[in-house]
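Below: one structure, written as structure tokens.
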Amino acid sequence: MHEIITISVSHRANHLATQFFNTQEQYLYLKNDNPVQSSVFLNPTIDRLSKTVSYSPRALLWDAKTGTGSLGVHQYSQIEEDYYEFDKEDVKRNKSVKDNSIIFTHPRIPKSEYQSALDTGLTLPSLTPQLAKYWSDYSKLIYHPTSFNTLKDWYHDTEQPNKPDFQNLGERKFDDYNIGYTEFKESYSMDFFDNNLHYQLEACDTLQGFNLVTDFDNAWGGFSSSLLVELKDELPKSSIFTYGFNEDDPFTLAKDTLSLRLTPSMIPRVHNKIRATMTLSEESDLLFPLYVDSKLSNWENAGFSNRIFDSINSIFCQNNATQRKSMEYLSTLLKNDGENDRNIISKIIDYNNIDNQKTDHSYQSKILPYKNSPKDYHEFSKCLIERALYNKSEKKEENAESIMSKFNTVYTYPYNVTDTIPTALVKDRAKDEFELKLSMDEYSRNIYLYWSEMVSKYFKNDPDREDLKDQLANKASAYEYGWYDDEDSGDDY
């Protein structure tokens with residue numbers, strides 16, 4: 001068994017992890033024709049007395065204090081840092097205090113209506129953004145206590161859930177790459193690797209690799225960058241796929257190059273993206289930049305992103321040995337010429353079954369073309385993931401060799417939509433069949449050239465400015481095909 005551990009770093013990332021593991025949970029009830037090897041993503045614990053098996057996600061979740069909502073380390077109890085319990089000396093000093101009295105450092109967060117219905121076996125309510133503010137509000141599986149990792153000094157902010165607040169004072173946000181990078185390196189590195197990660201590794205027979213899910217726009221990008229640098233040093237042979245959430249910025253909002261302007265308030269967000277993208281791409285086998293709509297809730301965005309995340313990971317956990325592929329296989333398929341500098345996915349196109357729409361989920365495909373960009377963009381590599389019933393795939397495999405060589409197609413089972421996915425995203429709760437295209441093409445060059453100009457103009461006091469410019473130049477050249485005219489880099493935004 002080749003297990004995969006998911007490391008989810010941020011409140012938004014934990015929403016996606018929750019949707020994914022809820023999808024995995026559904027397959028545990030299928031006795032016959034189960035298309036999934038559940039042990040790839042879920043850790044089975046066998047009770048030999050009762051002859052039962054329980055499953056917990058192979059996951060390590062990072063969040064701010066109170067970001068887990070009503071969920072505690074031991075599921076139904078508040079985490080230890082949330083309260084102070086008096087000891088006997090306290091009682092002696094204050095006769096009015098009774099044993100086992102508890103002081104909470106913040107209001108207790110009530111259990112959600114959906115979670116309460118799960119516990120009592122009542123009819124589950126339909127979820128809404130109001131009923132799914134926390135990822136724990138609709139989480140179905142019980143996590144092992146080692147899955148939870150909490151920032152010590154940063155609190156969850158319900159008004160800005162993706163930017164924790166320092167000491168809950170409302171004065172400083174977790175919104176800078178360097179803050180996040182330093183936070184992990186100085187405060188959490190040793191404990192994380194020696195304890196929680198060590199337990200998850202011990203629970204694997206043959207580790208295949210990791211999924212790292214994080215944000216790029218805030219300090220979580222720096223935090224996960226620091227984590228990944230040390231993880232790669234610790235386990236250099238493991239495959240690592242990174243999924244990074246990106247909100248709109250000047251490069252995606254501008255309608256044309258003339259309207260592309262960077263004001264001082266815009267620079268920090270792009271600064272975070274540049275540094276997170278460069279560090280994480282250097283340490284990852286593949287990097288998937290995912291676009292998220294800031295007008296939607298984390299629960300809604302996770303519903304969109306789960307179609308992508310689940311589709312890619314469904315390849316690795318199939319019971320069908322003929323169709324099952326490894327993380328290394330997909331990485332090699334998309335880096336078909338061995339170009340290690342070209343490992344960021346340019347386009348993630350979902351040919352879905354909702355009114356025959358085509359949706360591109362990649363952040364980088366929304367960037368404006370650069371000033372001397374070619375009219376036709378060369379496609380370096382692609383992979384088509386077809387989610388369909390096995391009997392349909394079987395028919396197509398009559399000429400499988402020619403299909404694979406022409407389209408680089410991999411087959412997997414249909415998308416089994418969980419009831420926690422927003423209803424607006426699916427016609428019904430039946431099994432969903434669609435195609436997902438992953439590709440690397442010349443279009444990605446645009447963003448690296450824009451970023452290189454930005455570093456030249458706005459990073460003048462950064463000590464690593466020249467190194468960063470070299471990184472971006474190398475990344476841009478990796479996505480070039482043919483010859484280009486000399487570029488005039490003197491234009492201002």
State all residues of segment 1-27 that are at pLDDT below 95 and outside any strand (DSSP E or B); if no residue qualifies, say none. Met1, Gln26, Tyr27
Contact list please: Cβ distance under 7 Å, first residue in segment 98-120 and at pLDDT 65 or above, second residue not in a loop (DSSP other than H, G, I, E, B), pairs at least six apart or on different chains. His106/Asp82; Ser112/Asp137; Tyr114/Asp137; Gln115/Asp137
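For (1) part of a loop (DSSP other than H, G, I, E, B); (2) crowded, with 21+ Cβ neighbours inside 10 Å, each residue gets a yes or a no:
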site: Thr252; (1), (2): no, no
site: Lys255; (1), (2): yes, no
site: Ser294; (1), (2): yes, no
site: Ser305; (1), (2): no, yes
site: Lys325; (1), (2): yes, no
site: Asp341; (1), (2): yes, no
Is there a residue in segment 54-71 that is modelled with pLDDT under 85, within 21 Å of Lys140 (Cα to Cα) and assigned to a strand (DSSP E or B)? no
For residues that are in contact with a Cys (Cβ under 7 Å, 6 or more places away or on another chain) and not aliphatic (A, V, I, L, M), scanning just segment 1-39, find the one that is surrounded by the most Cβ atoms within 10 Å (Cβ to Cβ). Glu3
Could you go through segment 268-285 and let me know if any residue there is touching a residue at least 60 places away in the same chain (Cβ under 8 Å), closer than 18 Å to Ile4 by Cβ and not in a helix (DSSP H, G or I). yes
How many residues does segment 307-320 hold that are more than 23 Å from Lys237 (Cβ to Cβ) and either assigned to a loop (DSSP other than H, G, I, E, B) or among the hydrophobic types (A, V, I, L, M, F, W, C) (or both)? 4
Options Asp428, Asp419; residue that is at pLDDT below 90 and charged (D, E, K, R): Asp428
Please identify the pairs in which a residue from segment 363-381 that is more than 19 Å from Asp350 (Cβ to Cβ) has its Cβ atom under 9 Å from the Cβ atom of a residue that is among the basic types (Lys, Arg) and crowded, with 17+ Cβ neighbours inside 10 Å, counting only partners at least 6 apart or on another chain. Tyr370/Arg445; Ser373/Arg445; Tyr377/Arg445; Phe380/Lys335; Phe380/Arg342
Restricting to segment 201-228, give me the number of residues that are part of a helix (DSSP H, G or I), surrounded by fewer than 24 Cβ atoms within 10 Å (Cβ to Cβ) and touching a residue at least 60 places away in the same chain (Cβ under 8 Å). 1
Pairs please, first residue from segment 35-64 and touching a residue at least 60 places away in the same chain (Cβ under 8 Å), second anywhere and charged (D, E, K, R) and assigned to a strand (DSSP E or B), Cβ atoms under 9 Å, 6+ apart in sequence or on different chains. Val40/Glu3; Phe41/Glu3; Asn43/Glu3; Ser54/Asp47; Arg58/Glu3; Ala64/Asp165
Which condition breaks for Pro164 when tested against (1) out of contact with any Pro (no Cβ under 7 Å at 6 or more places or on another chain); (2) surrounded by fewer than 22 Cβ atoms within 10 Å (Cβ to Cβ)? (2)
Looking at Phe193 and the list (1) touching a residue at least 12 places away in the same chain (Cβ under 8 Å); (2) under 29 Å from Ile267 (Cβ atoms), which single condition is not satisfied? (2)
I'd like to know if segment 154-175 contains one or more residues that are assigned to a strand (DSSP E or B), touching a helix residue (DSSP H, G or I) at 6+ places or on another chain (Cβ under 7 Å) and farther than 19 Å from Ala13 by Cα. no
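The values are calculated or read from the model by the stated rules, or taken from the named source; none is laboratory data. From a predicted model like this one, the values you see are computed outputs, not experimental measurements. No Cβ is skipped: glycine too gets one built from the backbone with ideal geometry, and neighbour counts run over all protein chains shown.
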